[in-house]
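First the structure, in the form of structure tokens, and then the observations on it.
The values are calculated or read from the model by the stated rules, or taken from the named source; none is laboratory data. Predicted model only: the values in this text are computed from it and were never measured. Cβ atoms come from the backbone with ideal geometry, glycine included; neighbour counts cover every protein chain shown. What goes into the accessible areas is simple: the full protein's heavy atoms, side chains included, and nothing from ligands, DNA or RNA. Shrake-Rupley method; radii C 1.70, N 1.55, O 1.52, S 1.80 Å.
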Protein chains: 2
Amino acid sequence: MSGTRTARSFVSAQQVAELAGVSRSAVSRTFTDGASVSETTRQKVMKAADSLGYHVNHLARSLINEDSGIVCIIGAEINTPYQARMLDALTRRLQAISRVGMVINTAGDSSSVELALRQTLNYRAGATIVLSGAPPANLIKTCVASGQKVILINRDDHLDGPKNITLDNTAAAREAFLMLQRAGCERLAVVSSLAGTPSLVARTKGFQAAAAEAGLKVTVTATGPTSYASGFEAGRVLLSGSDRPQAAFCVTDLLACGFMDAARFEFGLSVPQEICVIGFDDIEQAGWASYNLTTFKQPIDQIADHIMRLLAEPGDSASDDGTACFQAVPVWRRSVRPR
Amino acid sequence: MSGTRTARSFVSAQQVAELAGVSRSAVSRTFTDGASVSETTRQKVMKAADSLGYHVNHLARSLINEDSGIVCIIGAEINTPYQARMLDALTRRLQAISRVGMVINTAGDSSSVELALRQTLNYRAGATIVLSGAPPANLIKTCVASGQKVILINRDDHLDGPKNITLDNTAAAREAFLMLQRAGCERLAVVSSLAGTPSLVARTKGFQAAAAEAGLKVTVTATGPTSYASGFEAGRVLLSGSDRPQAAFCVTDLLACGFMDAARFEFGLSVPQEICVIGFDDIEQAGWASYNLTTFKQPIDQIADHIMRLLAEPGDSASDDGTACFQAVPVWRRSVRPR
DNA sequence: CGGTGCGTTGCAACCCCGTGCAACGTTCCG
DNA sequence: CGGAACGTTGCACGGGGTTGCAACGCACCG
């Protein structure tokens, strides 16, 4: 409204102050919660700010309080259903507490996790959430030393600075074994990938251990990345032999979907009559009629809530050792025989 | 390595300078590309910086050049396969050109799009990409006036400031009709949602128009959000009648998957023998063996590349009118009868 | 009427960094 | 050996915002 403004740059508090006929401090205080400004000047300032299109520069503001309000979220494979859902849950909540998420996609390259962590420092992020990837320990230490909150999800290396969030993978895997055992399955398989992340390994090991205790042997496959295609491939390999497994525990729903499709379309097997399948994560597709996959639900909302609680805490409260462990709950559908 | 540092705050260039025994400018120049520093001081500075854990404050840096290097990405429904893939493509590329993406989840609430756009200004983002939602025109104007690049995807309101990226939905919809016509289908349906976004509407209208020209009538359904469940529900309704459609054009793959499952599992129909289905987007699940969905592929990589090109351009080049239109290409799988 | 207390306001310093400018040291050449 | 040319370095300022401090105006009270 203020005539032609061809400057093509951001409006500063100075300009607003001049237009409103007050000092720059007054403008600042108008936009600072709890500062002392009279109602009349506040009005003047707001009017001037509106007409110029002024917005507080959070960057300059954070020069002082050393926290930009930015929360870094580091992940590879953002387009995976599970991570996408986590991202959705996190960004939605951040928006609600008027903070903001910076998403850094490390694209699987391990060295770029380091780069990502550097960005976190460059932008004075108040917190960093690592969804996947193995960040170098020394950089994490720098983050913590700088007063950042570092939150690691599903990593097993328990450093003391960062907060860890884990899932009780072992318990879930044992439960999975019991479910298959009760269904009367004896020849068992685990379908995993070559990713080798701590949680995937824990699920595999947990299942193996439970089976071993029961005196049953387990065939373990690991192919490619953690994807539908890998599950399909695993199915092709596992099911071609003469005495094929009667049940498969797939460490991820994506793998499970691929495995199921291989079983049905490559070998004409019916699920769960001829082969039982259990997945992990409870991604949306697991509930689709074509799959109806019995699986374990990660409590994403609980985890996200917990993270928000961590962010709200005062910075120096190392109340506990910083580790929170959540339970994955079984979701019964139709890919395992009942009883 | 530098003894105990209990300060718990970020390291400044000043501290590095003192430790290295040089001036603060020297430190600054060491971390600025193309600045003149001798090799010896650079070494000294780097060593000091390393031992203190120093990282340049991008925020302070951006006070000067008025661009924080942050690119805002605004979207609702991040966990949708299509948007997740777009997000992945974008963040990956941003990382490669050492910029960074700030993801703002507007969570469907229309007023929060405004909030999101405000954040964009607060953080002096160099560019804003709007994946979904209808941003208020006046705020967009402020963004553009502030020198930001605003990129709107799949919106049809063509303001002059922002760059628009669209898909030729009409052409694709016509092509979809032809594919079904050639397959010998006469009773046709369109499955859409209540979201009412421009692209969904365009697909529906385009299909209807093409059918009308050929003298065929089309039943149009629109239920709920753009999801699997809505597609399923649509199927349940459409297929229960006596003369059910022989083919359905679902304006989204998610809808298509739901529709297919309803057809198969609720009514025992086989695809494509008894009913043909075409989707849109080519999400990953469309390629899964359970669906084998014939669909239209959105050229996400091309679009992402194009956006990067827009970001690389000098700010004031309004070379063209700012609209780029991409073609969706048909992907033949097994959900439509050949010939 | 003077003093006190309170709310508001402006000044100036500071947050961290980049950069023009001038001074400095060095090398090289005439 | 003197001077020019050049690369390096430090100083000081600016960028936008916050904040302690002091000054100011005002109402209230004794």
Out of (1) in a helix (DSSP H, G or I); (2) at the interface with another protein chain (Cβ under 10 Å from one of its Cβ atoms); (3) within 16 Å of DNA strand D (Cβ to nearest atom), the odd one out for B:Gln95 is which?
(3)
Which residues, taken from the range B:36-57, are within 9 Å of DNA strand D (Cβ to nearest atom), out of contact with any Lys or Arg (no Cβ under 9 Å at 6 or more places or on another chain) and not in a loop (DSSP other than H, G, I, E, B)?
B:Glu39, B:Thr40, B:Lys44
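Of all the residues that make up the range A:99-123, how many are at the interface with chain B (Cβ under 8 Å from one of its Cβ atoms) and of a type outside the set (Val, Ile, Thr)?
So the answer is 12.
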Are any of the residues in the range B:269-279 in contact with an Asp or Glu (Cβ under 6 Å, 6 or more places away or on another chain) and assigned by TED's automatic domain parsing to the domain that holds B:Lys217?
yes
Consider A:Val277 against the criteria (1) crowded, with 23+ Cβ neighbours inside 10 Å; (2) closer than 19 Å to A:Arg174 by Cβ; (3) under 19 Å from the mean Cα position of the chain (by Cα): it satisfies all of them except one. Which criterion is unmet?
(3)
Restricting attention to the range A:143-158, does a residue exist that is at pLDDT 90 or above, open to solvent by 30 Å² or more (accessible area, probe 1.4 Å), more than 9 Å from chain B (Cβ to nearest Cβ) and part of a loop (DSSP other than H, G, I, E, B)?
no
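Yes or no, residue by residue, for (1) modelled with pLDDT under 95; (2) farther than 30 Å from B:Leu152 by Cα; (3) under 29 Å from the mean Cα position of the chain (by Cα):
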{"site": "B:Ser199", "(1), (2), (3)": "yes, no, yes"}
{"site": "B:Gly206", "(1), (2), (3)": "no, no, yes"}
{"site": "B:Glu213", "(1), (2), (3)": "no, yes, no"}
{"site": "B:Thr221", "(1), (2), (3)": "no, no, yes"}
{"site": "B:Gly224", "(1), (2), (3)": "no, no, yes"}
{"site": "B:Ala262", "(1), (2), (3)": "no, yes, yes"}
{"site": "B:Asp281", "(1), (2), (3)": "no, no, yes"}
{"site": "B:Gln285", "(1), (2), (3)": "no, no, yes"}
Determine if the range A:81-94 includes at least one residue that is touching a residue at least 40 places away in the same chain (Cβ under 8 Å) and more than 16 Å from B:Asn105 (Cβ to Cβ).
yes
Is it the case, given these coordinates, that A:Thr252 is buried (at least 20 other Cβ atoms within 10 Å of the Cβ) and either more than 14 Å from every other protein chain (Cβ to nearest Cβ) or in contact with a Ser or Thr (Cβ under 6 Å, 6 or more places away or on another chain) (or both)?
yes
Taking A:Ser112 as the residue in question, decide whether it is over 23 Å from B:Ala76 (Cα atoms) and modelled with pLDDT under 90.
yes
Within the range B:29-57, how many residues turn out to be within 8 Å of DNA strand C (Cβ to nearest atom) and within 14 Å of another protein chain (Cβ to nearest Cβ)?
6
Restricting attention to the range B:104-113, does a residue exist that is touching a strand residue (DSSP E or B) at 6+ places or on another chain (Cβ under 8 Å), crowded, with 20+ Cβ neighbours inside 10 Å and in a loop (DSSP other than H, G, I, E, B)?
yes
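Mind checking which residues of the range A:68-81 are farther than 30 Å from A:Glu18 by Cβ and within 16 Å of DNA strand D (Cβ to nearest atom)?
In the first step, residues of the range A:68-81 are kept if they are farther than 30 Å from A:Glu18 by Cβ; the result is A:70-81.
Passing the criteria: only A:Ile70.
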Assess whether A:Ala125 counts as being modelled with pLDDT of 90 or more, within 28 Å of B:Asn122 (Cβ to Cβ), within 16 Å of DNA strand D (Cβ to nearest atom) and among the hydrophobic types (A, V, I, L, M, F, W, C).
no
Residues satisfying the stated conditions in the range B:14-28, i.e. more than 8 Å from DNA strand D (Cβ to nearest atom), farther than 21 Å from A:Arg118 by Cα and either within 12 Å of chain A (Cβ to nearest Cβ) or open to solvent by 30 Å² or more (accessible area, probe 1.4 Å) (or both)
B:Glu18, B:Leu19
Lone qualifier among A:Ala84, A:Ala60 - being facing another protein chain (nearest Cβ under 8 Å) and either in a strand (DSSP E or B) or within 16 Å of DNA strand D (Cβ to nearest atom) (or both)
A:Ala60
Taking only the range B:284-299 into account, find how many residues are within 13 Å of chain A (Cβ to nearest Cβ) and either open to solvent by less than 10 Å² (accessible area, probe 1.4 Å) or among the small types (Gly, Ala, Ser) (or both).
8
Looking at the range B:211-234, which of its residues are open to solvent by less than 10 Å² (accessible area, probe 1.4 Å) and farther than 16 Å from B:Ala262 by Cβ?
B:Ala211
Could you grab me the full set of residues in the range A:65-94 that are open to solvent by 10 Å² or more (accessible area, probe 1.4 Å), closer than 30 Å to A:Ser12 by Cα, of a type outside the set (Lys, Arg) and at pLDDT 90 or above?
A:Gly69
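Can you tell me which residues in the range B:178-222 are of a type in the set (Val, Ile, Thr) and part of a helix (DSSP H, G or I)? Even if it seems obvious, please write down each step before you answer.
Looking only at the range B:178-222, we keep the residues that are of a type in the set (Val, Ile, Thr), and these are B:190-191, B:197, B:201, B:204, B:218-221.
Result: B:Val201, B:Thr204.
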How about the range B:223-318: which strands (runs of 3 or more DSSP E) wholly inside it have at least 2 residues that are small (Gly, Ala, Ser) and over 30 Å from B:Gly126 (Cβ atoms)?
B:247-250
